[in-house]
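Engineer: After the structure tokens below, expect a handful of questions from me.
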Amino acid sequence: MTDEATALFIVSEEGYWAEECIEPLTTLTDAGVDITVATPSGSEPVVDERSTDPENVGEETAERVREVIESDDRLANPEPLATVDAEAYDAVVFPGGHGTEWDVNQDRHARQALLSAVGGDEGKALVVCHAVGILAFTREADGSFLVEGREVTGFPNEWEEEIVDDNDLMPDGRKLPYWVEDEVKAVGGEWDAELDEDASVTADGDLVTARGPESSTAAAETLLEELELEVPA
């Protein structure tokens, strides 16, 4: 651990869920963590408009996340992921959102960043919601899957059924390429989305996973605890 803790946020250009990015971003910032934002190509991350719609998330949440999105220079000026050394950071954070299925989860540099964080001596990783799908595609050097045998949570099939139609089409017309729960379980992840709980956050070694938007704050606080940093009051 360095004197000043650092975190790398890897955010989707295809549609991140606002609360899943903004809550960890502001919570870690308030705790004194120095944050760098990266996207796959270096273009400004794109928020899923459903996650800033008051009808979907409520007036208070919509106003809070919009204010940060519109004012935070780190989000407005991200680094290209390929140019960032993930090993230089104490933590790597993967906010969720359906958009991660099209870019972050399929990005080899994102997967390497996850491996560096979880497989190294010092790093930690926080992976939220649909970004948990990256675990289905991340292999260790020996070919085994990083998530095999690890306890994880993430966006559950039961919730996906309420969003996509019978042909897996999203409300915006895009076809969802896979369901997170199915893919992570298929490669050996010990999945439990704790559907009876208001929030679901799981820590297994250096890997912290979170189920969805309502788990975002608890996820950030768990990461701070894993980093042995004080959680802001």
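Engineer: Restricting the search to region 165-216, which residues are free of Cβ contacts under 8 Å to residues at least 60 places away in the same chain and part of a strand (DSSP E or B)?
Structural biologist: LEU169, LYS175, GLU190, TRP191, VAL201, THR202, ALA203, ASP204
Engineer: Filter region 41-64 down to the residues that are of a type in the set (Val, Ile, Thr) and either without any contact (Cβ under 8 Å) to a residue 12 or more places away in the chain or under 21 Å from GLN106 (Cα atoms) (or both), then identify the one that is most open to solvent (accessible area, probe 1.4 Å). Please lay out each step first, then the result.
Structural biologist: Residues of region 41-64 of a type in the set (Val, Ile, Thr): 46-47, 52, 57, 61.
Then keep just the ones that are either without any contact (Cβ under 8 Å) to a residue 12 or more places away in the chain or under 21 Å from GLN106 (Cα atoms) (or both); that gives 46-47.
Working: VAL46: 70, VAL47: 37 Å².
Taking the candidates together, the pick is VAL46.
This table checks each residue for (1) of a type in the set (Asp, Glu); (2) surrounded by fewer than 17 Cβ atoms within 10 Å (Cβ to Cβ); (3) modelled with pLDDT under 95.
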{"site": "ARG66", "(1), (2), (3)": "no, yes, no"}
{"site": "LEU75", "(1), (2), (3)": "no, no, no"}
{"site": "ASP85", "(1), (2), (3)": "yes, yes, no"}
{"site": "THR100", "(1), (2), (3)": "no, no, no"}
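Engineer: Need pairs with beta-carbon distance below 8 Å; first residue part of a loop (DSSP other than H, G, I, E, B) and within region 115-127, second surrounded by fewer than 24 Cβ atoms within 10 Å (Cβ to Cβ) and at pLDDT below 90; sequence gap 6+ or separate chains.
Structural biologist: Every condition considered, the pairs that remain are GLU122/MET1.
Engineer: If you don't mind, there's one more thing I want to ask. For a quick check of your reading of the model, give me the residue pairs whose first member lies in region 1-16 and is farther than 16 Å from LEU223 by Cα and of a type in the set (D, E, K, R), whose second is open to solvent by less than 10 Å² (accessible area, probe 1.4 Å) and at pLDDT 95 or above, with beta-carbon atoms closer than 6 Å and at least 6 apart or on different chains.
Structural biologist: Going by the 6 Å Cβ cut-off, the qualifying pairs are GLU13/THR39; GLU14/GLY99.
Engineer: Quick check on my filter: what residues within region 1-46 are within 30 Å of ASP121 (Cβ to Cβ), hydroxyl-bearing (Ser, Thr, Tyr) and modelled with pLDDT of 95 or more?
Structural biologist: Once the filter is applied, which keeps residues that are within 30 Å of ASP121 (Cβ to Cβ), hydroxyl-bearing (Ser, Thr, Tyr) and modelled with pLDDT of 95 or more, region 1-46 yields THR6, SER12, TYR16, THR26, THR27, THR29, THR36, THR39.
Engineer: I'm trying to understand the selection: among the residues of region 140-162, which are touching a residue at least 24 places away in the same chain (Cβ under 8 Å) and loosely packed, with under 15 Cβ neighbours inside 10 Å? Lay out the reasoning, then the answer.
Structural biologist: Within region 140-162, the subset touching a residue at least 24 places away in the same chain (Cβ under 8 Å) is 140, 145-159.
Across region 140-162, the qualifying residues are GLU140, GLU148, GLY149, ASN157, GLU158.
Engineer: Then there's this: Looking at (1) crowded, with 17+ Cβ neighbours inside 10 Å; (2) part of a helix (DSSP H, G or I), which is the only condition ALA38 fails?
Structural biologist: (2)
Engineer: Somewhere in region 146-165, is a residue among the hydroxyl-bearing types (Ser, Thr, Tyr) and either within 10 Å of TRP179 (Cβ to Cβ) or out of contact with any Lys or Arg (no Cβ under 8 Å at 6 or more places or on another chain) (or both)?
Structural biologist: Here is the first cut: in region 146-165, the residues among the hydroxyl-bearing types (Ser, Thr, Tyr) are 153.
Still in the list and also either within 10 Å of TRP179 (Cβ to Cβ) or out of contact with any Lys or Arg (no Cβ under 8 Å at 6 or more places or on another chain) (or both): none.
Scanning region 146-165, I find no residue that is among the hydroxyl-bearing types (Ser, Thr, Tyr) and either within 10 Å of TRP179 (Cβ to Cβ) or out of contact with any Lys or Arg (no Cβ under 8 Å at 6 or more places or on another chain) (or both), so the answer is no.
Engineer: Scan region 179-208 residue by residue and report those that are closer than 24 Å to GLU162 by Cβ, open to solvent by less than 50 Å² (accessible area, probe 1.4 Å) and of a type in the set (Asp, Glu).
Structural biologist: Listed by number, the list holds a single entry, GLU181.
Engineer: Which residues, counting only those in region 217-233, are closer than 28 Å to GLY120 by Cβ and not in a helix (DSSP H, G or I)? Can you show your working first?
Structural biologist: In the first step, residues of region 217-233 are kept if they are closer than 28 Å to GLY120 by Cβ; the result is 217-232.
LEU227, GLU228, LEU229, GLU230, VAL231, PRO232, listed by residue number.
The values are calculated or read from the model by the stated rules, or taken from the named source; none is laboratory data. Every value quoted in this text rests on a predicted model; they were computed, and no experiment measured them. When we count neighbours, we look across all protein chains shown, and the Cβ atoms used for this are built from the backbone with ideal geometry, even at glycine. With ligands, DNA and RNA removed, areas are computed over all heavy atoms of the protein, side chains included. Shrake-Rupley method; radii C 1.70, N 1.55, O 1.52, S 1.80 Å.
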